[in-house]
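First the structure, in the form of structure tokens, and then the observations on it.
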């Protein structure tokens, strides 16, 4: 993002990028000279280590809707998991790219960090981002039930929702894969993860 090529280099190395995987760098149009210089530095790095040549995507932020649409067209052409790093650049640009990612159908995980080596980094797993795109009301109700009654069973949820146990198990399997529900095994008590509580409210906030 922006002109901080060192952020991109660290992310590519940390995620063990492979040749053939696209590297998209979004920046603001018109591109200023410092960005061009930084991008050339990134190109040189990718060539030295054997990564795919990066692509510079210019977005005109004067029209937010058009910028999101342009980013969406590019992102939708990516196959496989997208590793999105929104750190080290302009905040408006990061928001535009994030909206495009949410609007797309691609599977992605998200990293956001501030400037400086000692700044805390935020990481959002892909399962949580899938959930943010929309869960069915029934799955949300399952999360609410578990949040209100940690340790509840599959049978207990099925009885409350008047659904068969198999349907609830299928829902729970998906919610577990998203990282929203935790249990120690089949038949074990169910609890929400931190991300599960983030979607339906923590126990404290729900009592207030």
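Numbers for the structure displayed
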| read-out | value |
| --- | --- |
| Residue check for residue 156: out of contact with any strand residue (DSSP E or B) (no Cβ under 8 Å at 6 or more places or on another chain), more than 26 Å from residue 32 (Cα to Cα) and either assigned to a loop (DSSP other than H, G, I, E, B) or assigned by TED's automatic domain parsing to the domain that holds residue 27 (or both) | no |
| Filter result for residue 111 (within 22 Å of residue 195 (Cα to Cα) and touching a residue at least 60 places away in the same chain (Cβ under 8 Å)) | yes |
| Checking residue 146 against (1) at pLDDT below 90; (2) more than 30 Å from residue 11 (Cβ to Cβ), the condition it does not meet | (1) |
| Answer from 94, 87, 127 - the residue that is over 26 Å from residue 61 (Cα atoms) and buried (at least 17 other Cβ atoms within 10 Å of the Cβ) | 127 |
| Members of segment 87-128 that are at pLDDT below 90 and part of a loop (DSSP other than H, G, I, E, B) | 87, 88, 89, 90, 114, 115, 116, 117, 118, 119, 120 |
| The listed residue being part of a helix (DSSP H, G or I), at pLDDT 95 or above, surrounded by fewer than 19 Cβ atoms within 10 Å (Cβ to Cβ) and out of contact with any helix residue (DSSP H, G or I) (no Cβ under 7 Å at 6 or more places or on another chain), out of 65, 70 | 65 |
| Segment 183-195, subset without any contact (Cβ under 8 Å) to a residue 12 or more places away in the chain and farther than 17 Å from residue 158 by Cβ, residue surrounded by the fewest Cβ atoms within 10 Å (Cβ to Cβ) | 185 |
| Which listed residue is over 23 Å from residue 105 (Cβ atoms) and part of a helix (DSSP H, G or I), from 19, 10 | 10 |
| Verdict on residue 51 being without any contact (Cβ under 8 Å) to a residue 40 or more places away in the chain, more than 19 Å from residue 91 (Cβ to Cβ) and in contact with a strand residue (DSSP E or B) (Cβ under 7 Å, 6 or more places away or on another chain) | no |
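Here is a yes/no grid of residues against (1) modelled with pLDDT under 90; (2) more than 21 Å from residue 101 (Cβ to Cβ):
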| position | (1), (2) |
| --- | --- |
| 2 | yes, no |
| 8 | yes, no |
| 11 | yes, no |
| 21 | no, no |
| 25 | no, no |
| 31 | no, yes |
| 41 | no, yes |
| 48 | no, yes |
| 53 | no, yes |
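The values are calculated or read from the model by the stated rules, or taken from the named source; none is laboratory data. From a predicted model like this one, the values you see are computed outputs, not experimental measurements. Glycine gets a Cβ as well: all are built from the backbone with ideal geometry, and neighbour counts include every protein chain shown.
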